[in-house]
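Notes for the one structure printed next.
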């Protein structure tokens, strides 16, 4: 089997495809064959132009889901499209909340395994070969599927760069979900947006993150103040998100956001595997921690062995006096 | 209300992990502990069963080697019993195979609600719970940060990129909970003593009516082709702060033209 056709889940948020989907479309272009997309919601027609620009020839539109969580209906629509012939050799999903749900359900429908936490893809002998960062990114594992049927991959954000190829708008083909019965019964009744100011965590040029070393919740204000002074975004380790100091949307790491800013400033973060996976590819890393043996120092370009409660206020004062 | 919690016993995450050079599977020899992420599901289940006026919390877990020490931790927290599927043929089972095994075991417990963590700490595939839901023909809500039962439906606050969604879902259903959904209790001495005599039903793959070809390395239909060291990030300059550490940070930021 050679790779003749790849489908990518084009997740649409606020009327535009998310960056990770565009990254996957770009990557798919380099793996050989045709690139097609699957989209859902009420904005598919309006994103066909953007998808085409990145190399998608056809977008299968599942349509509006009527408030249903996407997992079951979108997986059912993809499975139906595969069953009707002309299905892909591989389906790529962004590692988002909905992407994982859809991939998991599709895996059962097609009785095919799924490989998640993919950080690289290459065309191999008879299929795709995926790369996975393991043990906090200290080792890279490569894997491939065996057996017949579409290969399902869930790929982490920022594994590839998104680059348009200047293609024509994608053709839109209606591909509604069949009846999903009980599996599709979970329904969104209200949406809540948590306001954030400043640049987005995964797009910011500078990210300042805080961890358990801050000692208590109130001290997170230092992180926010420093982030603001550096025109950056404030992030957090899983430890303080779990402790309820800051919302989950601030979390950097395995289960949170993957960030690659110009500068990442880790304050009072020890550098657990869970955290390193989400930030170790930052271009420059500054770490401030009082434990000189903390693993975070092994990836830091500049490490300050010191108390965040002393260093951060001094840093903030010095920056304020400059402006 | 009867609740099943899917739990995983894993090697201590604080100890350095290793892959078996032959099978490329994670080495699981030695003592296994209850995955920390599962303590939230167990606590949530106990609270929901209590609030509904009774019912049992049953643990469902899979391990190749009959290990129960992690299950005893969850039983000590208050779960009533456990079903452990243990079979040598399970070594090397992937997420889909695991889901097939768990789904077959869960069916026997006939629960109103199935809880799981969003992902395990050792494998972090993150698809097993939805795969279980699909196999059982049930709806699922992942990434719950708040869970309430009203009558025969569950109301969940589900984490999103922008904030959270309120989701309603009829029971039975599969719900995955994030760390922080509730504060897990510590097992009491009495709980630890009681856990020693709580029932742990041990089943094989054959007991569940599953074909051995669907589990293990063969059922996984994927192979690890290579494991290599990642390009090491060389560690940089280390400065011990004696009052001037902040100034070095500013200098560094200036060099990068961030300031």
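Here, each number is a calculation from the coordinates, and none is a lab measurement. Not measured: the values here are computed from a predicted model. Positions of Cβ are backbone-derived with ideal geometry, glycine not excepted, and every protein chain shown enters the neighbour counts.
Points worth noting:
- Fraction of antiparallel bridges per DSSP, chain B only, in percent to nearest 5: 40 percent
- Just so you know, the Cα atoms of region A:1-114 work out to an Rg and Dmax of 12.9, 38 Å.
- Descending semi-axes in Å of region B:3-220, equivalent ellipsoid built from Cα gyration tensor: 26, 20, 18
- Structural descriptor for chain A: relative contact order 16 percent, calculated from alpha carbon pairs under 8 angstrom and at least 6 residues apart.
- Chain B: angle of helix B:245-255 to the longest principal axis, Cα-based, in degrees nearest 10: 80 degrees
- The distance between label points at residue B:201 and residue B:185 comes to 2.4 nm (points 7 Å beyond Cα on the Cα→Cβ vector).
- Gap separating the Cα centres of region B:39-117 and region A:281-317, nearest whole Å: 41 Å
- Sorting A:7, A:245 by the number of Cβ atoms found within 10 Å of their own Cβ, with the fewest placed first, yields A:245, A:7.
- Take every DSSP beta bridge whose two residues both sit in the protein assembly as shown; close to 40 percent of them are antiparallel.
- Peptide B:155-162 - average C-beta neighbours from other chains (10 Å radius): 6
- Structure remark: mean-square fluctuation, Gaussian network model of chain A, C-alpha springs under 10 Å; the largest value among A:239, A:27, A:48 belongs to A:239.
- 37 °C / 0.692 mPa s Stokes-Einstein diffusion coefficient of chain A, Kirkwood radius on C-alpha pairs, µm²/s: 156 µm²/s
- Angle of helix A:19-29 to the longest C-alpha principal axis of chain A, folded into 0 to 90 degrees and rounded to 10: 50°.
- Across region A:5-184, C-alpha contacts under 8 Å between residues 6 or more apart give a mean separation that, scaled by the residue count, equals a relative contact order of 32 percent.
- q = 0.06, 0.08, 0.11 Å⁻¹, the protein assembly as shown: log10 I(q)/I(0) [Debye, one scatterer per Cα]: -0.30, -0.55, -1.06
- Normalised contact order of region B:3-220, rounded percent, pairs of Cα under 8 Å and 6 or more residues apart: 26 percent
- Radius of gyration (Cα atoms) of region A:208-323, expressed as a multiple of 2.2 N^0.38 Å: 0.95.
- Note on A:271-279: average number of Cβ atoms from other chains within 10 Å of each residue's Cβ is 1.
- Annotation: extensible slack from residue B:155 through residue B:256 equals 31.5 nm (criterion: 0.36 nm per residue apart, minus Cα-Cα distance).
- Ranked A:192, A:132, A:250, A:275, criterion: other C-beta atoms within 10 Å, fewest first: A:192, A:132, A:250, A:275
- Note on B:189, A:145, A:160: ascending count of other Cβ atoms within 10 Å places them as B:189, A:160, A:145, the fewest first.
- DSSP-defined antiparallel bridges as percent of all bridges, region A:69-220, nearest 5: 60 percent
- Once Rg and the Kirkwood radius are both taken over the C-alpha atoms of region A:64-223, their ratio Rg/Rh works out to 1.03.
- Average other protein chain Cβ within 10 Å of Cβ, residues B:165-172: 5
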